[in-house]
Every structure is written in structure tokens, then in C-alpha cells.
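The values are calculated or read from the model by the stated rules, or taken from the named source; none is laboratory data. It should be emphasised that the depicted structure is a prediction, and the values quoted were computed from it without experimental measurement. Backbone-built Cβ (ideal geometry, glycine too); neighbour counts: all protein chains shown. Heavy atoms of the whole protein, side chains included, go into the accessibility calculation; ligands, DNA and RNA do not. Shrake-Rupley method; radii C 1.70, N 1.55, O 1.52, S 1.80 Å.
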Amino acid sequence: MMEKRRVKFTFVESLIKEPIIWKLGRQFDVQADRGWVILELEGERDEVDHGLEWVEQQGVRIDPVYEDIVEG
């Protein structure tokens, strides 16, 4: 039976650069027709702005997150 489930992944620093989501789709019979990630970015304002512009140019939609969901 097919099931849909939404989950939140929290990555420790050592796993941030690992393609965990890609591996999930390749190693298991699971699919995603869309995905989203919430990031907390830190850096100089210009660098963050330029980085987000680049992400948009790659075809990724960016929406602001208004509620404080970052756990520290």
C-alpha cells in the first residue's frame, strides 16, 4: 500500500554536505515530486543576498520563514 508522509530532517553539521536525501531516493523505493528545506543562513548581508539570488537563478523558489522554528 502506498503511503505519503511528511517529515522534518535535522542534520548535524557533519552531515550537511552529504547527499542524504538523494541517497534515500536511490537506495529505497521512495519518491518525491517536490521538496522543501528550511535553512538558517549566516554571513554578510551582501553575501547572503547574492547567494539567494543564485539559488533563485537555479530555479528554486524562495519564500521567507516568519515564525521562529530554529531550535538552538
(message) Could you tell me the calculated FRET efficiency between E40 and K4, based on Cβ-Cβ distance and R0 = 35 angstrom, to the nearest 0.05?
(response) 0.85
(message) At 1.4 Å probe size, with the rest of the protein present, what percent of the exposed accessible area of the chain is carbon and sulfur atoms?
(response) 51
(request) Provide the per residue accessible area, probe 1.4 Å, for the chain, rounded to a whole number of square angstrom. (result) 114
(message) Under the 0.36 nm per residue contour assumption, what length would be gained going from the current alpha-carbon distance of E13 and F28 to full extension?
(response) 3.0 nm
(message) I need the phi-derived Karplus couplings for the stretch 2-15: 6.51 cos²θ - 1.76 cosθ + 1.60, θ = phi - 60°, integer Hz, Gly and Pro marked x.
(response) 6, 9, 10, 8, 9, 9, 10, 9, 10, 9, 6, 3, 5, 9
(message) Which residue fluctuates most in the GNM of the chain (Cα springs below 10 Å): E40, E56, E13?
(response) E13
(request) With a/c under 1.5 counting as rounded, go ahead and sort the chain into rounded, prolate or oblate using the C-alpha gyration tensor (a ≥ b ≥ c being the square roots of the eigenvalues; past the cut-off, prolate if a/b is larger than b/c, else oblate). (result) prolate
(request) Using a 1.4 Å probe and counting only protein heavy atoms, arrange D63, D33 so the residue with the most accessible area comes first. (result) D33, D63
(request) Convert each backbone phi in the stretch 21-37 into a coupling constant with the Karplus relation 6.51 cos²θ - 1.76 cosθ + 1.60 (shift: θ = phi - 60°), then list the ³J(HN,Hα) values in order as whole Hz, x for Gly and Pro. (result) 5, 4, 4, 4, x, 7, 8, 10, 7, 10, 10, 9, 9, 6, x, 9, 9
(request) Counting helices only, and only those DSSP H runs with n ≥ 4, report the 222 nm mean residue ellipticity of the chain as the sum of -39,500 (n - 2.57) divided by its residues, in deg cm²/dmol to the nearest 500. (result) -8500 deg cm²/dmol
(request) Quote the accessible area belonging to I21 in square angstrom, nearest 10, computed with a 1.4 Å probe and with ligands, DNA and RNA left uncounted. (result) 90
